[in-house]
Amino acid sequence: MSTPTVQTSGKDAIRPSNRRYAAAIVFMIVGTLAGWTLETHLMVTTSPSLKYRLYYRGEVAPKTVHNGDYISFQRIDPLINGGKKFAATKRAACVEGENLKVVGFDYYCGVKYLGTGRDHLHDGRKLQHFVFNGPIPKGKFFAFGDHPDSYDSRYWGFLGTEEATERVIPLI
């Protein structure tokens, strides 16, 4: 029986290292593209205001907002983030043409109960309630968090569809 020999010089000797080098470059390119895709198309939220944590970034600056859409936007509010601009995502719970009804602190879209407003924030600051009864005006929507204590349109009123920076799709 003869012993196999390994060639250590010549053209064939450098092929395995070239393959490893090419594989490493392909791996880096694929990894970079995957990271870029994840960064630009996935959004993670830690806010207890929403029941989902991972969202796919869908349409940028949607021209229309449908009931049930999750919409991202930016706001400035003296009660949040020290009055500095902040990004938020909420669910469109009632949209243009639908009837918003407020009874006491309870909010309804048509006959669907949305939730109850609170008197105070968790830190004791008093909240003002947004009160409106009738069809939501053209180009407006009522944004609502999934958590009962969400700070949303119950307190600051309608958002304009022009304020929507993107529509996001909940994943998990």
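Just so you know, all these numbers are worked out from the coordinates, no wet-lab data involved. The structure presented is a predicted model; accordingly, all values stated were derived computationally and were not measured. Glycine also receives a Cβ, built like all others from the backbone with ideal geometry; neighbour counts cover every protein chain displayed.
Here the dipole of segment 45-170 is about 120 debye; that uses its Cα centre as origin and unit charges on the Cβ of Lys and Arg (positive) and Asp and Glu (negative).
Put in line by how crowded their Cβ is, counting other Cβ atoms within 10 Å and starting with the fewest, Ile136, Ile71 read Ile136, Ile71. Going from the fewest other Cβ atoms within 10 Å to the most, the residues Asp149, Asp119 appear in the order Asp119, Asp149. Candidate cross-link partners of Lys138 among the lysines, defined by an alpha-carbon separation under 17 Å and a same-chain spacing of 8 or more, comprise Lys63, Lys101. Dipole orientation for the chain: of the candidates Ala87, Gly160, Pro137, Ala87 has the Cα lying most toward the positive pole (charges on Cβ; Lys, Arg +1; Asp, Glu -1). Estimated from the Cβ-Cβ distance and a Förster radius of 41 angstrom, the FRET efficiency linking Asp77 and Met28 is about 0.45. Considering only Ala92, Ala143, Ala22, the mean-square fluctuation computed in a Gaussian network model of the chain, springs between alpha carbons under 10 angstrom, is largest for Ala22. Approximating the spin labels as points 7 Å out from Cα along Cα→Cβ, the His41-to-Ser17 distance works out to 3.8 nm.
Axis angle, to the nearest 10 degrees, between helix 15-41 and the longest C-alpha principal axis of the chain: 0 degrees. Report summary: the helix-based calculation at 222 nm, which adds -39500 (n - 2.57) for every DSSP H run with n ≥ 4 and divides by the residues of the chain, gives -6000 deg cm²/dmol. Ranking of Leu127, Leu33 by neighbouring Cβ atoms within 10 Å, starting from the fewest: Leu33, Leu127.
Under a model in which nothing but the beta-carbon of Lys, Arg (+1) and Asp, Glu (-1) is charged, segment 122-172 shows a dipole of about 220 debye around its Cα centre.
Computed from phi, the 3J(HN,Hα) profile of segment 83-98 under the Karplus parametrisation 6.51, -1.76, 1.60 (θ = phi - 60°) reads x, 8, 4, 9, 8, 9, 9, 9, 8, 6, 9, 7, 10, 3, x, 7 Hz, with x in place of Gly and Pro.
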